[in-house]
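Presented below is the structure to which this report refers.
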Amino acid sequence: AVMPGFFDEVDSLGIVEDHINAVLALEAAQSDKIIASYSEVRNRLVDRLARLPGGSFTAQHLRGVLAQVQGAIDAMNKGMRGNLREGAVDLSTLGINNLVEEIQLFDQEFSSAITPININAAVAAQDTANFLVDKYQTNLDAYGNDLLTQISNGLFSAALGETNHEEVVGRIAKFFTAEEWKLRRIVRTELHNIYNVGKLQGMGTLAETQVPDLKKTLMHPLDSRTGKDSVYAATLGLVAEIDEPFFYVWKGKPREFMAPPDRPNDRAILVPYRDEWGEAVGGSFVPEAF
């Protein structure tokens, strides 16, 4: 485990807090872009549906509306692809640059020396983005398919009932709005993963070439939004080799992961660690029991 004094010293430096704030701000900005694209397509869909002939919602209506909904979801996915690639490159680049800054500052603070770091952030970030963007797209596609399935089921029910066309259009508009939070959570979770995996990939490169004793630990933002599992994990001082997972048990269930997020909305970030940094601070570590 990492000595608590190390985290206290890192907190006092302010660099990781600044990095966390920058990461969360960039994730929010990218999330807003994707949600804006989603909202624009949703609004166009509702406008088109509202112009269709009114009256009772029939099987003929059902076919036309399903085609419009399918087209809208396809357009959403297409619009989000460009934003997700831009976000992936930006977040992984930030992860690499933050990693270099942290290693150099921690070396200066805890070892009274600065390790020269030579890593091509642009190339490393692009590699990470390419590696993760397919996974990201798969999750967005699954979200779109879930929307289509739920809307289709609702439309079949409407066609069998006495629902009128105007009411169906209103339901679709409300449904898209109500489901938006799921998309936002997917986007922010995936972007957070891209930032941390970018850092992890950078750590692996540096451990192989320049900083052979480099390890990884975690920093957790602690505020009113922090989950109890993250508060607990923060007390453990988790540290792991670059190519090994973090591991802890929460409420009797094992949790194992290579890099945050450990779950949706987990805001922890990966931070570099060297034994000599912890030894420079000293002290003993007694994890809090939960």
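The relative contact order of the chain, computed from alpha carbon pairs under 8 Å that lie at least 6 residues apart in sequence, is 28 percent. The H on the amide N of R255, modeled in the peptide plane, is under 5 Å from the matching H of Y248, V249, W250, each at least 5 residues off or on a different chain. Both radii are taken from the alpha-carbon atoms of the chain; with Rh as the Kirkwood radius, Rg/Rh is 1.11. Couplings 3J(HN,Hα) for segment 36-43, derived from phi with the Karplus relation 6.51 cos²θ - 1.76 cosθ + 1.60 (θ = phi - 60°), are 5, 4, 4, 5, 4, 5, 4, 5 Hz, where x marks Gly and Pro.
Of all the options A50, A268, A240, the one that moves most in a Gaussian network model of the chain with Cα springs shorter than 10 angstrom is A50. From the alpha carbon centroid of segment 135-201 to that of segment 22-95 is 9 Å. When the chain is treated as a GNM with alpha-carbon contacts under 10 Å, the residue of Q126, Q137, Q68 showing the greatest mean-square fluctuation is Q68.
Relative to the longest principal axis of the Cα atoms of the chain, the long axis of helix 59-111 lies at roughly 10 degrees.
Taking label points 7 Å from Cα along the Cα-to-Cβ direction, T149 and S12 give a separation of 5.4 nm.
Volume per residue of the convex hull around the Cα atoms, evaluated for segment 109-177, comes out as 152 Å³.
Counting charges near T149 (Lys, Arg +1; Asp, Glu -1) among other residues having Cβ under 13 Å from its Cβ returns a value of -3. Each principal axis of the Cα cloud of segment 1-115 was evaluated for its coordinate range; sorted largest first, these ranges are 77, 24, 22 Å. What do the square roots of 5 times the Cα gyration tensor eigenvalues come to for segment 155-286, in whole Å, largest first, as semi-axes of the equivalent ellipsoid? Semi-axes, largest first: 44, 17, 12 Å.
Normalised by the number of residues in segment 1-83, the mean separation of alpha-carbon contacts (under 8 Å, six or more apart) gives a relative contact order of 40 percent. Database remark: amide H of Y273 closer than 5 angstrom to the amide H of K215, K216, T217 (H placed geometrically; neighbours at sequence offset of 5 or more, or on other chains; Pro and chain starts carry no H). Evaluated on segment 2-63, the Kirkwood hydrodynamic radius is 16.3 Å, with distances taken between all distinct Cα atoms.
Surface composition of the chain: carbon plus sulfur atoms contribute 52% of the solvent-accessible area (1.4 Å probe, protein chains only, all chains present). Label separation (M258 vs A25): 3.0 nm, computed from points 7 Å beyond Cα along the C-beta direction. Considering only S111, S92, S157, the mean-square fluctuation computed in a Gaussian network model of the chain, springs between alpha carbons under 10 angstrom, is largest for S157. So which of K135/K216; K78/K228; K174/K253 end up more than 28 Å apart by C-alpha? Check vs 28 Å cut-off fails for K78/K228; K174/K253. Our Cα-only numbers for segment 75-227 put the radius of gyration and Dmax at 22.0, 77 Å.
Electrostatic tally near V65: other residues with Cβ closer than 13 Å to its Cβ, Lys and Arg +1, Asp and Glu -1, net +2. The mean sequence distance of close C-alpha pairs (under 8 Å, at least 6 residues apart), as a share of the length of segment 134-290, puts its relative contact order at 23 percent. Calculated mean residue ellipticity, 222 nm, the chain: -24500 deg cm²/dmol, from DSSP H runs (n ≥ 4) at -39500 (n - 2.57) each, averaged per residue and rounded to 500. Loop-located trypsin sites (Lys or Arg not before Pro) in segment 141-249 (DSSP state not H, G, I, E or B) with no more than 12 neighbouring Cβ atoms inside 10 Å: R225. Full extension of the segment from D32 to E109, taken as 0.36 nm per residue of separation minus the current Cα-Cα distance, would add 24.0 nm.
The values are calculated or read from the model by the stated rules, or taken from the named source; none is laboratory data. Given the structure is predicted, the values throughout are model-derived calculations rather than measurements. Heads up, the Cβs are rebuilt from the backbone with ideal geometry, glycines too, and the neighbour counts pull from every protein chain shown. Areas reflect the complete protein model, heavy atoms only, side chains present, ligands, DNA and RNA absent. Shrake-Rupley method; radii C 1.70, N 1.55, O 1.52, S 1.80 Å.
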